[in-house]
Amino acid sequence: MRAVLQRVSFADVKINNEIKGKCNKGFLVLLGIKQGDSEKEVDFLSAKIANLRVFSDENDKMNLSLLNIEGEALVISNFTLYADCSHGRRPNFLNAEKPDKANSLYEYFCEKLKAEGVKSVEKGEFGGDMQVSLLNDGPVTIILDTEEIMK
């Protein structure tokens with residue numbers, strides 16, 4: 001499972017020009033689910049994201065978590081995080097989980113972020129054609145991959 005976190009002042013997702021989800025100060029999370037991922041990866045990753053200390057404290061040090069700042073999250077499912085571009089010029093997405101299982105894990109991930117204590121968790125539309133806007137704060141962009149961090 002992969003997550004691209006962007007620390008944001010604001011983010012939203014629109015479908016057909018209507019806002020589907022939004023967040024204020026917190027994270028925009030692009031979530032990719034790989035074949036073979038399970039609730040184990042979701043549990044680990046949701047706890048990691050909720051507690052990752054990348055928000056500034058009173059001394060301007062990245063020392064506070066999403067929970068500490070009572071931040072919000074906008075979670076967007078993004079199978080293209082598992083694009084394989086190693087051959088030719090057209091990526092394949094064979095490593096991405098099948099839609100039914102991926103959607104189930106995506107929904108579970110959003111619920112786990114809430115259970116971890118994240119104040120507000122909103123989302124896009126799984127498999128939808130979405131337009132995502134954000135005001136990146138920092139910029140701070142972090143990539144988490146459970147294959148690397150769960151070793």
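A few notes on this one:
- When both region 7-33 and region 66-137 are represented by their alpha-carbon centers, they are found 10 Å apart.
- Rounded to the nearest 5, the antiparallel percentage of DSSP beta bridges internal to the chain is 75%.
- For D137, residues with placed amide H under 5 Å, excluding near neighbours: R7, V8, S9
- Protein accessible area in region 85-151, 1.4 Å probe - carbon and sulfur %: 49
- Applying the criteria of a DSSP loop state and at most 16 other Cβ atoms within 10 Å to the GluC sites (Glu not before Pro) of region 76-151 yields E125.
- Under 29 Å between alpha carbons - lysine pairs in region 24-104 that sit 8 or more apart or on different chains: 13
- Peptides ranked, highest mean first, by Cβ atoms within 10 Å: ranges 30-43, 75-88, 129-142: 30-43, 75-88, 129-142
- Applying the Karplus relation 6.51 cos²θ - 1.76 cosθ + 1.60 with θ = phi - 60° to region 107-118 yields 3J(HN,Hα) values of 4, 4, 4, 4, 5, 5, 4, 4, 5, 6, x, 5 Hz, where x marks Gly and Pro.
- Here the sum of -39500 (n - 2.57) over DSSP H runs of 4 or more residues, divided by the residues of the chain, equals -7000 deg cm²/dmol at 222 nm, to the nearest 500.
- For region 10-20, Karplus couplings with θ = phi - 60° (6.51, -1.76, 1.60), whole Hz, Gly/Pro x: 6, 8, 8, 10, 10, 10, 6, 6, 10, 5, 9
- Charges were assigned to the Cβ only: +1 to each Lys and Arg, -1 to each Asp and Glu. The resulting dipole of the chain about its Cα centre is roughly 240 debye.
- Whole-number accessible area per residue in Å² for the chain, which is evaluated in the context of all protein chains at 1.4 Å: 56
- Given R0 = 35 Å, the distance between the Cβ atoms of M62 and E125 translates into a calculated FRET efficiency of 0.65.
- Charge dipole of region 65-120 about the Cα centre (unit charges at C-beta), most positive-ward option of P91, V118, L74: P91
- Potential extension, K98-I142 segment - 0.36 nm per residue separation minus Cα distance: 13.3 nm
- Semi-axis lengths, largest first, of the ellipsoid equivalent to region 1-89 are 25, 18, 13 Å, with √(5λ) applied to each eigenvalue of the Cα gyration tensor.
The values are calculated or read from the model by the stated rules, or taken from the named source; none is laboratory data. What you are looking at is a predicted structure, and each value in this text was computed from that prediction instead of being measured. We place every Cβ from the backbone using ideal geometry, glycine too, and count neighbours over all the protein chains shown. Side chains are part of the model used for accessible areas, which takes the heavy atoms of the whole protein and leaves out ligands, DNA and RNA. Shrake-Rupley method; radii C 1.70, N 1.55, O 1.52, S 1.80 Å.
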